[in-house]
Amino acid sequence: MKGGRPLSVGVIKQMHAALLRHESTTLAVDLLGREFSFPLLHGAYKTMPNNPLRKDGLIHEYCRPEHVASEMDRLIEAHARHEKEQVAAEVEAA
């Protein structure tokens, strides 16, 4: 998938753009519960919260948009460390 390149922000954003290249919008819900189409930004981090409503009525909170870049940097650092330590892929995935 990486084409021999090390995992990086650029690689992740390219994969995101490739996976969503045929999708221009996603379904969103506003604070009043109204559904609307929201434009997808190919190869970019999210700009709006995307916290799903669970069946029990509670909201499952994902990473806030303002923290995504730093969390992705942490993920890439952890992956590089795992590669150096030769951590098995299935262990890293867990």
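What follows is calculated from the coordinates using simple rules that are stated; it is not laboratory data. All values reported here derive from a predicted model rather than from experimental measurement.
Points to keep in mind about this one:
- The chain: calculated mean residue ellipticity at 222 nm from DSSP helix runs of at least 4, using -39500 (n - 2.57): -10500 deg cm²/dmol
- Under the Karplus curve 6.51 cos²θ - 1.76 cosθ + 1.60, θ = phi - 60°, whole-Hz ³J(HN,Hα) for segment 89-94, x wherever Gly or Pro sits: 4, 5, 6, 4, 5, 5
- Acute angle (nearest 10 degrees) that the helix 68-84 long axis makes with the longest principal axis of the chain, alpha-carbon atoms: 30 degrees
- Given their separation in residues at 0.36 nm each and the Cα-Cα distance between them, residue 55 and residue 70 gain 2.4 nm when the chain is fully extended.
- Here's how it looks for residue 50: its modeled amide H is under 5 Å from those of 62, which are all 5 or more places away or on a different chain.
- Acute angle (nearest 10 degrees) that the helix 9-19 long axis makes with the longest principal axis of the chain, alpha-carbon atoms: 50 degrees
- Structural size metrics of the chain, computed from C-alpha coordinates, are Rg and Dmax of 16.3, 49 Å.
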